[in-house]
1. Restricting to segment A:1-14, give me the number of residues that are in contact with a strand residue (DSSP E or B) (Cβ under 6 Å, 6 or more places away or on another chain), β-branched (Val, Ile, Thr), at the interface with chain B (Cβ under 8 Å from one of its Cβ atoms) and in contact (Cβ under 8 Å) with a residue 24 or more places away in the chain.
2. Identify all residues within segment A:168-184 that are surrounded by fewer than 15 Cβ atoms within 10 Å (Cβ to Cβ) and either touching a helix residue (DSSP H, G or I) at 6+ places or on another chain (Cβ under 7 Å) or in a loop (DSSP other than H, G, I, E, B) (or both); write none if there are none.
3. Here is a check on your reading of the model: is residue B:345 aliphatic (A, V, I, L, M), within 14 Å of residue B:296 (Cα to Cα) and assigned to a loop (DSSP other than H, G, I, E, B)?
4. Looking only at residues in segment B:57-77 that are within 17 Å of residue B:265 (Cα to Cα) and among the aliphatic types (A, V, I, L, M), which one is surrounded by the most Cβ atoms within 10 Å (Cβ to Cβ)?
5. Which one of A:80, A:29, A:17, A:38 is buried (at least 20 other Cβ atoms within 10 Å of the Cβ), in contact (Cβ under 8 Å) with a residue 60 or more places away in the chain and within 12 Å of chain B (Cβ to nearest Cβ)?
6. Hey, could you check segment A:88-134 for residues that are away from chain B (no Cβ under 14 Å) and among the aliphatic types (A, V, I, L, M) and say which is surrounded by the fewest Cβ atoms within 10 Å (Cβ to Cβ)?
7. Is it true that some residue in segment B:211-228 is surrounded by fewer than 21 Cβ atoms within 10 Å (Cβ to Cβ), touching an Asp or Glu at 6+ places or on another chain (Cβ under 8 Å), within 20 Å of residue B:114 (Cβ to Cβ) and at pLDDT 95 or above?
8. Filtering segment B:141-153 down to residues that are within 11 Å of chain A (Cβ to nearest Cβ) and surrounded by fewer than 20 Cβ atoms within 10 Å (Cβ to Cβ), which residue is farthest from residue B:12 (Cα to Cα)?
Protein chains: 2
Amino acid sequence: MQPILSISPRIRSTPFTERVKAAGVKAYTVYNHMLLPTVFNSLEEDYHHLKKNVQVWDVSVERQIEIQGPDSQTLIQMITPRDLSKMRDDQCYYIPVVDDSGGMLNDPVAVKHSQNKWWISIADSDLIYWIKGIAVAKNMNVTIIEPDINPLAIQGPKADELMRRVFGDEITSLKFFRHKKIHFNGKYHLVARSGYSKQGGYEIYTNGFKSGEALWDRLFEAGQNLNVKAGCPNLIERIEGGLLSYGNDMTQKNSPYEAGLGKFCSPNSSIDFIGAEALKKQSIEGPTKQIRGLFIDGKSISACTKPWHVTHGDKKVGQVTSAAWSPDLSKVVAIGMIDREYWSIGNELEVICPSGKRTAKITQLPFIK
Amino acid sequence: MQPILSISPRIRSTPFTERVKAAGVKAYTVYNHMLLPTVFNSLEEDYHHLKKNVQVWDVSVERQIEIQGPDSQTLIQMITPRDLSKMRDDQCYYIPVVDDSGGMLNDPVAVKHSQNKWWISIADSDLIYWIKGIAVAKNMNVTIIEPDINPLAIQGPKADELMRRVFGDEITSLKFFRHKKIHFNGKYHLVARSGYSKQGGYEIYTNGFKSGEALWDRLFEAGQNLNVKAGCPNLIERIEGGLLSYGNDMTQKNSPYEAGLGKFCSPNSSIDFIGAEALKKQSIEGPTKQIRGLFIDGKSISACTKPWHVTHGDKKVGQVTSAAWSPDLSKVVAIGMIDREYWSIGNELEVICPSGKRTAKITQLPFIK
């Protein structure tokens, strides 16, 4: 039996919730205390449509932490091992955020407006508590709020065409992980070329709850003959693309090196951040386990609702946290964390799924570039 | 159509999840990134059973923040306006936790083991980020972790009898909001007389994931002829009892005074906590809105999935965030936040529910003592 979700004000609705319901959403997850759609038609139908057309996603759950004031840059550099010193005012950076022992607290996108104004676009944890706690304890000159900003993603190969129709040719010159402002419904909204898929697209940081439905409707009106549909981050497509999910594939117990995010860490540079000592140590010694792709034998797979053990003989050597049948690869694709001794590409291991023990082979991420 | 919940490892299972499923859980909410059951038979059947018998609740979502070390007491006093100086080593305190502007970050129960060891049993937010942020920034001598502790609540008028059968006579001498240790399955577990109902009972802080099912089974075995059932916090009963829900009835935007928790605040004492200045101001001026009970006209009510406006004529004067039909009072009972000018007991206002505008009358909390 499919479990029902009880919704209360604590599980917040978004500016797009009524439109999402009207579009026939079938299931949600809860993310940052908010509703995030997970399925409209079926995982596979949504997947095929995303890869051929264009979808509009309610990703309001990507809450923004707005940091303003003279100490902003110092504070943000303090929470991440990624060197922000060369970042431009129109850039977005994917930044691991770590605690004093190097454990990941979130993997947000930092959106720089200027040295003294930033948004941190967060994954699923109350990162504002960490940032505010540090700022208050250190008596820093910043103000930190969650503004009324609600991201709407436009994803898929026809995203450029849809955006052009609504916002003009100029928008399509935007480069990857760069942002600019657009004017709509009497307000300025930030738009970035970004999104949690590998199909290309944009995220519109909708400014104000009240602009939500007008923006949604405008996009659907303009995209009618592009076969635009309501969608959401798609489990199959994001596994194929090797996009990690914080809370699933890595948690507070993992370092960025374990999550395969070493390229975003500069613990040996001159930047000053919390957890530098722990990460420095790990950058030298290397992690003892790491994120890998896995092909799992079989023609289908049930949803991974809790970590599945990965074994070698009787020994537990890792876990799988995301898995799905990939129609385009005709294989079960998975993401897991595997012990160093066993993580080599091509290694054969076993995965204990609900259907029993299956053979699996370690592979690179992403599955599809 | 009832929305489906997509479960992934990010929505963590508990030691009791398999037993909860076997007991026929119908719906969940997500709380602290974990599954919390909301309905077994129906809200009303669960309610009647809870008020007459005894239920076992999987409230593992009440995650513990364990704080140990010489600076523990200083740190915990720093996060709450409640004076902890006279707290005994076997006591539990309900403590509002506030930020620098006096906004509530959580309303946990502090469980004191000793001056240098505490658990903070949290409501729905990542409070560990706030506490760790402060401790790290101030370089305090503490260690802070989320231990493998999973509360199981035994609630209802027959809770004493069930606990006596399993743990002996002595357990029933435990006073309200006091705790002690019991031995079960080769381990010590903390037990407190507490719980999120007004029917009386205990919370067993199950020590270790692996003890979960053994404890559950032992309680059901011993309680068979007490008509023990799997249950969960019951919306109707908790509204009748005036038990607030953080994230629903009050949020980070509210002060403890607005939440009606002024009696737990000592901003004018000598204790040193974050937000003291803001709360001092509010303790003098009084809040501009506050939690109230409301009787809403009508013989039934739909679930409150987002705040409902409370109006006086054309003016918005508050909001309702929890509502249910109370079989025992034969009325719709609700909890809301009402502006000062309109919050007097007996005042008549209107509530905009999905079914339309209804008359409502302000009343005291709790509805039933």
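The values are calculated or read from the model by the stated rules, or taken from the named source; none is laboratory data. What you see is a predicted model; the values in this text were computed from it and never measured. Cβ placement follows ideal geometry from the backbone for every residue including glycine, while neighbour counts extend to all protein chains displayed.
1. 1
2. The answer is A:168, A:172, A:175.
3. In short, yes.
4. Checking each candidate, the answer is B:76.
5. Working: A:80 fails: within 12 Å of chain B (Cβ to nearest Cβ); A:29 fails: in contact (Cβ under 8 Å) with a residue 60 or more places away in the chain; A:17 fails: in contact (Cβ under 8 Å) with a residue 60 or more places away in the chain.
Going through A:80, A:29, A:17, A:38 in turn, just one is buried (at least 20 other Cβ atoms within 10 Å of the Cβ), in contact (Cβ under 8 Å) with a residue 60 or more places away in the chain and within 12 Å of chain B (Cβ to nearest Cβ): A:38.
6. For segment A:88-134, the residue satisfying everything is A:109.
7. no
8. B:143
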